[in-house]
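Asks: Dropping the structure in here first, questions after.
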Amino acid sequence: MSASTEKLSRQGLIWMLLAQAIVLLPLVFEVPVWLTLLAIATGVWRWKIATAGWRFPGKLARLILVLLVCAGLLFSFSGSFGMQSMLSLLIAGFVLKLIELKRPGDFYLLCYLAYFVTGAQLLFAASLPSSVYGLVSLLAVTGVLLVNNGSVARLGVVKQCQRLGVFALQALPIMLVLFFVVPRIGSLWTIPLNKSAGQTGVSDSMAPGDFSNLMRSGELAFRVSFDGPIPAPQQLYWRALVFDDFDGRTWRQSHAQDVQRGRASAQWRNWQNAVELSGEPISYQVLLEPTAKQWLYALPTFSELPESVRVSPGLTLYETERVNQRKQYRVSSVLDYRLQPQGLDQPQTMQALALPEGYNPQTRRRAQQWRTEATDERQLMQRVLGYFNQRFRYTLQPSTLGEHTVDDFLWQSQAGFCEHFAGSFVFFMRAAGIPARVVVGYQGGQINSNDGYLVVRQYDAHAWAEVWLAGEGWVRVDPTAAVAPERIEQGVEYSLSDDDNQLLGNVFSRRFQMLGDLQLRWDALNYRWQLWVMGYDNAAQQALLQKWFGRVSPWMLALVVTAVVALVSLVVLLPLLRSSGRRLAPAERAYARVEKAMTRCGQPRYVGEPPRQYAARISRERPDLADDLNAITALFERASYGDSKTALARLQSAARRFKPSRL
Amino acid sequence: MQESVNAACREIGKVLLGKEHEVKLALTCLLAGGHLLIEDLPGMGKTTLAHALAKVLGLEYQRVQFTSDMLPADIIGVSTFDANASRFTFHPGPVFTQVLLADEINRTTPKTQSALLEAMEEQQVSIDGETRPLPQPFFVIATQNPESQMGTFSLPESQLDRFLMRISLGYPSPEAERIIFRGGDPRRAIPSLEQCITLAELAEIKQQVRTLKASDSLIAYLQRLVHATRYEQGFTHGLSPRGALALLHAAKAWAYVAGRDYVIPEDLQAVAPAVIAHRVSGAEVTGSAQRLIADLLESVDVIAGSVAT
């Protein structure tokens, strides 16, 4: 065993195992449990090899292990090809290499693998804490490399840490250049990230009870930064989906399939002609958490939209792809608008009046009765909302509804929340012959006073109604506001009884002021990170470079990058160049020629090997070269150290003649 | 004159079996005019080597066994009042000799150590305001136990620096040890050792060593080594200019012993462990310093800018 492996097996090994644990920790949840156990087992095994004299596994044992692991992977992922399975394969290799860790070469391989695995950490989480953790992992692995380096190994811990810090600082400028300047290259291929579809959020249908689950979640939905002041809460209706299809229990989009399949009919190309805007637009930026759905959230109606975003016939926004990663988009909206005031065409009217046969007979009768009693549509609406206001209760724990959901709700239980109010209101309107539809999305949000942005959480999910009135177009009517106006004005938690409030997400942080405040601050930090670091995409890069350098051409960019890289490498390499940059004396030049020839035939001189020792070693290894080399060495010594002119001349001619043959 | 040096080596080899390299180093140290520190466990032949050296150089020698209750006067000497002559007369101590064997120098107090070390540096002693030169040549061959041993006062860096070399003998080889076991104590042979180098020859050698050639290429290598001790290797502190000069001087003496009139890198490498170790690593254990120096010699290029990998 050579000295270098000896060193490795003690202190270095401890650090290696430690670093490996640090690197693997966040990935434990992404890989099968048995892989974690394997990692622990190999770690213990390697440790016992170093301390208790256990043996390295033989060839057969290794082969069996590899086959077992492969079988395990196949079994765990049932042959599916995805990010998790690839990651598991990588990690399996990473931990198995440990029990093969003998030579310094293995050690370096393991370290470089550790860097790679550190990169893989960020595939699953790109938040601020996970980035910081990634940095820690990176430092740990670099530390291991340092600790096992000959000269650094003997320094004290403080000096080693200093060295590590210097390394990190030296890497910083390169990191900044890579981050700011190097173009973001799209992935050449993608591996499906088969993450479980446990995303909460507004779904593409609405049945009684759906929303109450959503309300129990305090998870982040999206965050909004307004360019100007934040509009009043009553105006913050974040529109996402329009449900105009009712089957007696569930509300759906009539064009849902078209959107999913990317059909042309899903898109409303000339929507701009159908809206009348009045008033100034307000601009804002939305940072949407991944939803695994296609739709986006915005305030109606829009004056400016991002290019990739489409508008559906319900005046909602959607993407052609599902939002699987945090998405950032900018919208300008005009809050004062009229939608389709000119009138609806025949199919639209039909859709907005359609009701399933045989459901809720009581409501249908009552609607027709009220319709005849009312002078106009507005008066009828007022009567219904008034009825809500007098009799109804806003609660997250409604009693279960029977087959005729609207009948049960309107005339019996009379307690529920937004989806009940919106659904039954629209049903009632349709039954009375007024075109109506359900709109869902989020309402309101919490203002983070630390940074002046709006945080919208899952419990802000809301459903409301739209009614089409001649001459006015689609008018937003929020029946929930009639029952619990504070829901709209102050937020959902102010509209509920204490009992109900318990059900709402984030109970603790809402209950305790300080905790809530801390949460807001933490959220503000995260938001900034996501906006400025994670959100630094190609467009942001272009904009920044434009600001710095004026108009940027790819050539210019390449030039800057090359210049910076050259400068950095020059600074790093200069001391190295200087130390060996002495001009060679004539004798040394002649000897260098000999050395070059020897290197070419595979017999280089070691760095610290004096010529005479070198010649003696070569004489043993290559007796055929012994005479020539001994003669040259003797001449070199006399020329270089004895300053003999005649020896120099003879050395030069001998060096020119020296042509060692390869074996 | 090289023959007489080699003869001296052979003579000492009779009492110190199988230690050719160490003997040659010790002799080189004295030929360079430097003081020698021999560090080893008790019973490894330190005193034997010191004795034999004095003997083959034909020098007058004194041996002092250092103890913890020793005073400076015990080494340097004292002035006493002579009632008959009614004046002070100086009674010179053991330091007034050509070779002083300072046995177990780290057993005595720093005060006594520094009195001796002053004599080593100045080649003279001052007593009662009077400066008295020491005989020429004046060598100190000190021995010491490794500092981890009980009851020792380790020499500070500044005093270690006064010794040109620090060597340790180490265990003898099995063959040598077998001969020792068969033939009895080799120390008995010391009185029969012959003088190989005369006083005049010694002075001549010292002169020649001083003027031995060190070419630019060699100086460049020396500088690379020194630079590495200061900035690259893990030494506690680097080699001082005086240390570097000592290294070059010792290498010259080594080259002289090898019969060359110029210094080659091997000479520097041969003496480097003995010259550098006690200068760069302070009170550190010898073993780790030796390993550092081995690394140093391995990693510093002998011929700069060559294609070596």
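Coordinate-derived values only; no laboratory data. Bear in mind the structure is a predicted one, so any value in this text is a computation, not a measurement. As a convention, Cβ positions derive from the backbone with ideal geometry for all residues, glycine included, and neighbour counts pool all protein chains shown.
Asks: Please list, in chain and number order, the residues 5+ apart from A:LEU236 or on another chain whose amide H is under 5 Å from its amide H, with Hs placed from the backbone.
Replies: Counting only residues 5 or more places away or on other chains, the set is A:GLY444.
Asks: For chain B, which span is the longest to avoid every loop-located (per DSSP) member of GluC sites (Glu not before Pro) having at most 12 other Cβ atoms inside 10 Å? Display every interim value, and only then the final one.
Replies: Details: sites that count: B:GLU60, B:GLU194.
Answer - B:61-193.
Asks: Applying the Karplus parametrisation 6.51 cos²θ - 1.76 cosθ + 1.60 with θ = phi - 60° to the phi angles of the stretch A:619-628, what ³J(HN,Hα) value in whole Hz is obtained for each residue in order, glycine and proline being reported as x?
Replies: 4, 6, 7, 10, x, 5, 9, 4, 4, 4
Asks: Of A:HIS420, B:HIS91, how do they rank once you tally other Cβ atoms within 10 Å and put the fewest first? Please list the in-between numbers first.
Replies: On the way: A:HIS420 29, B:HIS91 10.
Least crowded to most crowded, the residues run B:HIS91, A:HIS420.
Asks: Within a 10 angstrom radius of the beta carbon, how do A:TRP47, A:TRP251, B:TRP254, A:TRP548 rank from fewest other beta carbons to most? Can you show the working numbers first?
Replies: Numbers: A:TRP47 16, A:TRP251 26, B:TRP254 29, A:TRP548 11.
In increasing order of surrounding Cβ atoms, one gets A:TRP548, A:TRP47, A:TRP251, B:TRP254.
Asks: A further question follows. Would you calculate a helix-derived [θ] at 222 nm for chain B, using -39,500 (n - 2.57) for each DSSP H run of n ≥ 4 and dividing by the full residue count, to the nearest 500?
Replies: Values: 12 runs with 140 residues, N = 309.
Per the formula, -14000 deg cm²/dmol.
Asks: Is it possible to state the helix-based mean residue ellipticity at 222 nm for chain A, with each DSSP H run of 4+ residues giving -39500 (n - 2.57), the sum divided by total residues, to the nearest 500 deg cm²/dmol? What is it?
Replies: Numbers: 27 runs with 334 residues, N = 663.
So the helix-based figure for chain A works out to -16000 deg cm²/dmol.
Asks: Step through the residues of the stretch A:29-37 one at a time and calculate ³J(HN,Hα) from phi using the Karplus curve (6.51 cos²θ - 1.76 cosθ + 1.60, θ = phi - 60°), rounding each to whole Hz and writing x for Gly and Pro.
Replies: So the J values, rounded to whole Hz, are 7, 9, 10, x, 4, 5, 5, 4, 4.
Asks: Among the chymotrypsin sites (Phe, Trp or Tyr not before Pro) in the stretch B:94-196, which ones are in a DSSP loop with at most 13 other Cβ atoms within 10 Å of the Cβ? Mind listing them? Mind showing how you got there, number by number?
Replies: Working: sites: B:PHE96, B:PHE138, B:PHE139, B:PHE153, B:PHE163, B:PHE181; in loops: B:PHE96, B:PHE138, B:PHE153.
Answer in residue order: no site qualifies.
Asks: Take the Cα coordinates of chain A, assign each an equal point scatterer, and use the Debye formula without solvent to give log10 I(q)/I(0) at q = 0.07, 0.10, 0.11 Å⁻¹.
Replies: The Cα Debye sum returns log10 ratios of -0.68, -1.07, -1.19.
Asks: Sticking with this one: Any idea how far the Cα center of the stretch A:619-663 sits from the one of the stretch B:142-181, in Å?
Replies: Rounded to whole Å, the Cα centres lie 41 Å apart.
Asks: How about A:LYS102: which lysines have a C-alpha closer than 24 Å to its C-alpha, ignoring those fewer than 8 places off in the same chain?
Replies: Within the straight-line cut-off, A:LYS102 pairs with A:LYS7, A:LYS48, A:LYS59.
Asks: Also, quick follow-up: What is the dipole size for the stretch A:3-149, taken about its Cα centre, with +1 at each Lys and Arg Cβ and -1 at each Asp and Glu Cβ, in debye to the nearest 20?
Replies: Values: 10 positive and 4 negative charges, 105 e Å.
Roughly 500 debye for the stretch A:3-149.
Asks: For B:219-229, what's the mean count of beta carbons from other chains sitting within 10 Å of each residue's beta carbon?
Replies: Values: counts 0, 3, 3, 0, 1, 3, 1, 0, 1, 2, 0.
That works out to 1 on average.
Asks: Quick one: which residues, 5+ away or cross-chain, put their amide H under 5 Å from the amide H of A:TRP468? H built at 1.01 Å from N.
Replies: Result for A:TRP468 returns A:ALA436, A:VAL475.
Asks: What GluC sites (Glu not before Pro) does the stretch A:280-321 have in DSSP loop regions with at most 12 other beta carbons within 10 Å? Don't jump to the answer; show the numbers that get you there.
Replies: On the way: sites: A:GLU304, A:GLU307, A:GLU319, A:GLU321; in loops: A:GLU307, A:GLU319, A:GLU321.
Loop-located and lightly packed - A:GLU307, A:GLU321.
Asks: List the GluC sites (Glu not before Pro) in the stretch A:324-414 that DSSP assigns to loop (not H, G, I, E or B) and whose Cβ has at most 13 other Cβ atoms within 10 Å. Which are they?
Replies: Details: sites: A:GLU357, A:GLU373, A:GLU377, A:GLU403; in loops: A:GLU357, A:GLU403.
Here the GluC sites (Glu not before Pro) that fit, given the DSSP loop and packing criteria, are A:GLU357, A:GLU403.
Asks: Give me the percent relative contact order of chain A, please, defined on Cα pairs under 8 angstrom at least 6 residues apart. Walk me through the numbers before you get to the answer.
Replies: Details: 894 pairs, mean separation 78.1, N = 663.
RCO, chain A: 12 percent.
Asks: Could you tell me the center-to-center distance, by alpha carbons, between the stretch A:106-121 and the stretch A:37-58 in angstrom?
Replies: 19
Asks: Return the sequence-ordered ³J(HN,Hα) values of the stretch A:405-411 in whole Hz as given by the Karplus equation 6.51 cos²θ - 1.76 cosθ + 1.60 applied to θ = phi - 60°, using x for Gly and Pro.
Replies: Per-residue couplings from phi come out as 4, 5, 4, 4, 6, 6, 10 Hz.
Asks: Whose amide H sits under 5 Å from the amide H of B:ILE127, counting only residues 5 or more places off or on another chain, with H placed in the peptide plane?
Replies: B:ARG132
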